[in-house]
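Inspection log for the structure reproduced underneath, given as structure tokens.
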Amino acid sequence: MSHVFSLIYSLRLLSRRRFAFGLAIALTLAISACGGPPTEALDAAEKSLLSAAWSEDCATETYNSAQRMLREAQEAAAAGRHDEAKRKAEAAQRLAEQAKLDAELNAEECERRKNALRAVEARTETVVHNVTATNETETFSLETIYFDFDESSINEGSRRTLDQNARWLLNNQTQKVRIEGHTDARGTAEYNIALSQRRGESVKRYLQTLGVDAPRMTVVGYGKERPAAFGDREQDHALNRRAEFKTH
Amino acid sequence: MSKRHRAPALLLAPLFFLLLAGPTAPMAGAQEIVVNPLPAQRIPIAVADGIGRDGADAQVGVEIGRTLRRCFEIALIFEVTAPPTFLPGLAQEGLAVGETNFDGWFNSGAEVLVKAAYVRDGANLRLDLRLYDVLKNQEIKLSYTPPATSGDNFKPAVYAFANAVIKHFTGNDGFFGQQILAVRKSKRGGAAHVVSLYTDGTGITQISSGSGINILPAWGPNGAILYTSYDRDNPDLIMASGSERKTLSSHSGLNTGAAYCPGNGRIALTLSKDDNAEIYTMKADGSDLRRLTDNSWIDTSPAWSPDCSRIAFVSNRGGSAQIYVMNADGSGARALTTAGRYNTSPAWSRKGGKIAFTARDEYNSFDLFVLDLETGNVERLTQDQGNNEEASWSPDGNYLVFTSTRDGGSRLFIMTADGRYQAPITDAGGFETPAWSW
């Protein structure tokens, strides 16, 4: 647009009459520019995405959607579908701003999720290196176990964790335990609550078979209401499909 | 004054082209639309700001215009046109047909026009809301009785007018002034609260209190609100009426997803007191508990048929989550869906005959579908626009409210029962499980 204004400016210097003529040319240029590629919208979207880049880890799905939308906008612009490009660029900008907002809101939980991820990775290593370790200590805490999508059955890895949890519960007979079932963020609220309750119940049943008395255990299903991880990546979902143990 | 001032032909050419090329339903809008409830395309409608008479506060006129525009954006069958900028005089027109520059409005892209005037009458505002057919240069007389406005609250008058306009063009009653319950979360993992709001997304009122989890709201008897609260570390069923909060069911484990049927006065709900999610019914005071399902799988999410004789629900007894139906006494259970591995959250149309539900499709996105009970046909209502979930029917069965992530966040949207027209009703995200009032 700047060349249009400089054109007006230079013509204005020449004479008033020519100014009107210059304005007409400028308007013609401006009108024809409306049909061109939406460079401003695309630039604005790119800028928003750049400034939201740090939110990729904390608002992954929204950020990825923004990225996808911008890509589609650029493709549309390249193919000459300017209206679509403009619409998509604006949508990308909105999504990037939303991602930034979500990430700010989730900052605390996002940090927790990152820590949880690190903890899971660390534990995996521990399991590999200390298969034969059997020492029980007073500081042992009951370990969280994880489930597959839409599953409440206990897999092989979780059995080993539950065996350890059961040993601790048998050694600490005065402790009562609350088993909290959870699901990932996907799917409908009511079914997720029933699924999370079922996860808690299968854990309770398994611990019963190992000798833990049923009256010491209560089960609460939280559905998707209390996530441990806040992103929308597969790792986040995996961390959320879980049963936690609270002693009291 | 009333001499026609058409804009230069060159500028108008595209408009004429559109009018000629598109289906002519909007043209017929003023006459015969009653036969066909939904116009073939959105009707372009212009909404002028309200004109204050006798020195009434001008800001009120802007508010009235804004509320009217919002209603027509959400009414689904309209396309609200941008305010005309080339003829500023249009905004100051009076209500009389003779004072209306129909050509000016037509050139701004409108085929239908709404104007408002208001005057202060003692303590109350008096509104005069009018509808015009821009193509025929005449006013359209609406058959409805405008409600009296109490104080400055002009919304009931605007809602009644918008409803009358919808009725004029579709033959169906409008839905403005009705309420929706939903869950609102300030952020993921934060407090979840039950709120009520109007169908235009305004008037959000918090029903639950505290900083905990309050979810799965449903309408109970006499405007009471049922929901599940974790305030006592267990999902208990609460009934809220006025300022009273009564715990209706607090068995250990689930007391979730209450569904009330006005026809028999009973509440269906999910309890897991017997170590597994099962469906029960009870009277609205919590007495006379009866168990309907009995197996080792998940049975949850009950939804009554309009005559209270049957209940649709979700079970994974066949190995995956599917929609089932049974009689109100638990007999005769059978699967209604078989395709896919995740069909949940059934909502039975209050006109009967149809059940909307949420399914996870082959691309792992969640979308809304509707099952025709007579033919067994399943039709898709949403596609390729984020996740669309948790539908609830309008009282007349002509609309659905649902959540969609298409614009980021989880916003409330409404759509026509066939999915053709869809519009957001909330500006912000964080909404879940809407329930439309009776």
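Descriptive notes on the structure:
- Checking each residue of the range A:23-45 against the condition of being open to solvent by less than 40 Å² (accessible area, probe 1.4 Å) and modelled with pLDDT under 75 gives at least one match.
- Checking each residue in the range B:266-285 for being polar (S, T, N, Q) and away from chain A (no Cβ under 14 Å) picks out only B:THR281.
- Against the test of being over 24 Å from B:PHE413 (Cα atoms) and out of contact with any His (no Cβ under 8 Å at 6 or more places or on another chain), the options B:ALA312, B:ALA335 yield a single qualifying residue, B:ALA335.
- On the stretch given as the range B:363-422, residues that are over 29 Å from B:SER186 (Cβ atoms) and touching a residue at least 60 places away in the same chain (Cβ under 8 Å) total 8.
- Among residues of the range B:69-85 that are at positive phi, those with a Cβ under 9 angstrom from a residue that is open to solvent by 60 Å² or more (accessible area, probe 1.4 Å), sequence gap 6+ or separate chain, pair up as B:LEU76/B:ARG42; B:LEU76/B:ARG420.
- Complete set of residues in the range B:112-165 that are among the charged types (D, E, K, R) and touching a residue at least 24 places away in the same chain (Cβ under 8 Å): B:LYS115, B:ARG120, B:ASP128, B:ARG130, B:ASP133, B:LYS136, B:GLU139, B:ASP152, B:LYS155
- Leading residue by the ranking (least open to solvent (accessible area, probe 1.4 Å)) among those in the range A:143-174 that are touching a Ser or Thr at 6+ places or on another chain (Cβ under 7 Å) and not polar (S, T, N, Q): A:ILE145
- Residues that are open to solvent by 20 Å² or more (accessible area, probe 1.4 Å) and within 29 Å of the chain's Cα centre (by Cα), drawn from the range B:266-283: B:ARG266, B:LYS283
- Test: B:PHE402 is closer than 22 Å to A:TYR191 by Cα, touching a Gly at 6+ places or on another chain (Cβ under 9 Å) and of a type in the set (Phe, Trp, Tyr): no
- Residues within the range A:208-244 that are at the interface with another protein chain (Cβ under 10 Å from one of its Cβ atoms) and in a strand (DSSP E or B), tallied: 4
- Candidates in the range B:60-113 are the residues that are over 27 Å from B:PRO39 (Cα atoms) and of a type in the set (Val, Ile, Thr); of these, the one that is modelled with the lowest pLDDT is B:THR85.
- Qualifying residues in the range A:205-226 (those that are within 30 Å of the chain's Cα centre (by Cα) and among the charged types (D, E, K, R)) - the one surrounded by the fewest Cβ atoms within 10 Å (Cβ to Cβ): A:ARG226
- Within the range B:342-381, considering residues that are within 14 Å of another protein chain (Cβ to nearest Cβ) and part of a loop (DSSP other than H, G, I, E, B), the one most open to solvent (accessible area, probe 1.4 Å): B:TYR363
- Conditions (1) open to solvent by 10 Å² or more (accessible area, probe 1.4 Å); (2) part of a strand (DSSP E or B); (3) more than 14 Å from chain A (Cβ to nearest Cβ); number of the one not met by B:ASP288: (2)
- The single condition among (1) assigned to a loop (DSSP other than H, G, I, E, B); (2) within 12 Å of chain A (Cβ to nearest Cβ) that B:TRP438 does not meet is (2).
- Test: residue in the range B:305-312 that is surrounded by 17 or more Cβ atoms within 10 Å (Cβ to Cβ) and within 13 Å of chain A (Cβ to nearest Cβ): yes
- The single condition among (1) out of contact with any strand residue (DSSP E or B) (no Cβ under 9 Å at 6 or more places or on another chain); (2) touching a residue at least 24 places away in the same chain (Cβ under 8 Å); (3) within 13 Å of chain B (Cβ to nearest Cβ) that A:ARG205 does not meet is (2).
- Identity of the residue in the range B:386-396, within 11 Å of chain A (Cβ to nearest Cβ) and part of a loop (DSSP other than H, G, I, E, B), that ends up farthest from B:LEU216 (Cα to Cα): B:GLY386
- Close Cβ contacts (under 7 Å, 6 or more residues apart or on different chains) running from residues in the range A:181-192 that are more than 10 Å from chain B (Cβ to nearest Cβ) and farther than 17 Å from B:SER229 by Cα to residues that are part of a helix (DSSP H, G or I) and among the hydrophobic types (A, V, I, L, M, F, W, C) comprise A:THR183/A:LEU195.
- Within the range B:166-175, considering residues that are under 17 Å from the mean Cα position of the chain (by Cα) and part of a helix (DSSP H, G or I), the one farthest from the other protein chains (Cβ to nearest Cβ): B:LYS167
- Failed item in (1) within 13 Å of another protein chain (Cβ to nearest Cβ); (2) open to solvent by 70 Å² or more (accessible area, probe 1.4 Å); (3) under 28 Å from the mean Cα position of the chain (by Cα), with B:ALA259 passing the rest: (2)
- Of the residues making up the range B:313-326, those that are closer than 21 Å to B:ASP361 by Cβ and either within 12 Å of chain A (Cβ to nearest Cβ) or open to solvent by less than 10 Å² (accessible area, probe 1.4 Å) (or both) number 8.
- A count restricted to the range B:187-196 and to residues that are open to solvent by 40 Å² or more (accessible area, probe 1.4 Å) and either closer than 24 Å to B:ILE74 by Cα or free of Cβ contacts under 8 Å to residues at least 40 places away in the same chain (or both) stands at 1.
- Flag for B:ALA224 being more than 29 Å from A:MET217 (Cα to Cα), more than 14 Å from chain A (Cβ to nearest Cβ) and open to solvent by less than 10 Å² (accessible area, probe 1.4 Å): yes
- Qualifying residue in the range B:197-214 (condition: open to solvent by less than 30 Å² (accessible area, probe 1.4 Å), within 14 Å of the chain's Cα centre (by Cα) and of a type in the set (Phe, Trp, Tyr)): no
- Residues that are surrounded by 21 or more Cβ atoms within 10 Å (Cβ to Cβ) and either away from every other protein chain (no Cβ under 12 Å) or under 9 Å from the mean Cα position of the chain (by Cα) (or both), drawn from the range B:418-433: B:ILE425, B:THR426
- The single condition among (1) surrounded by fewer than 21 Cβ atoms within 10 Å (Cβ to Cβ); (2) touching a residue at least 24 places away in the same chain (Cβ under 8 Å); (3) assigned to a helix (DSSP H, G or I) that A:GLN197 does not meet is (1).
- Test: residue in the range B:247-256 that is at positive phi and either more than 10 Å from every other protein chain (Cβ to nearest Cβ) or acidic (Asp, Glu) (or both): no
The values are calculated or read from the model by the stated rules, or taken from the named source; none is laboratory data. Model, not experiment: these values are computed from the prediction. For neighbour counting, all protein chains shown are included, and Cβ atoms are generated from backbone atoms with ideal geometry for every residue, glycine included. Remember, those area values only see protein heavy atoms, side chains included, never the ligands or the DNA or RNA. Shrake-Rupley method; radii C 1.70, N 1.55, O 1.52, S 1.80 Å.
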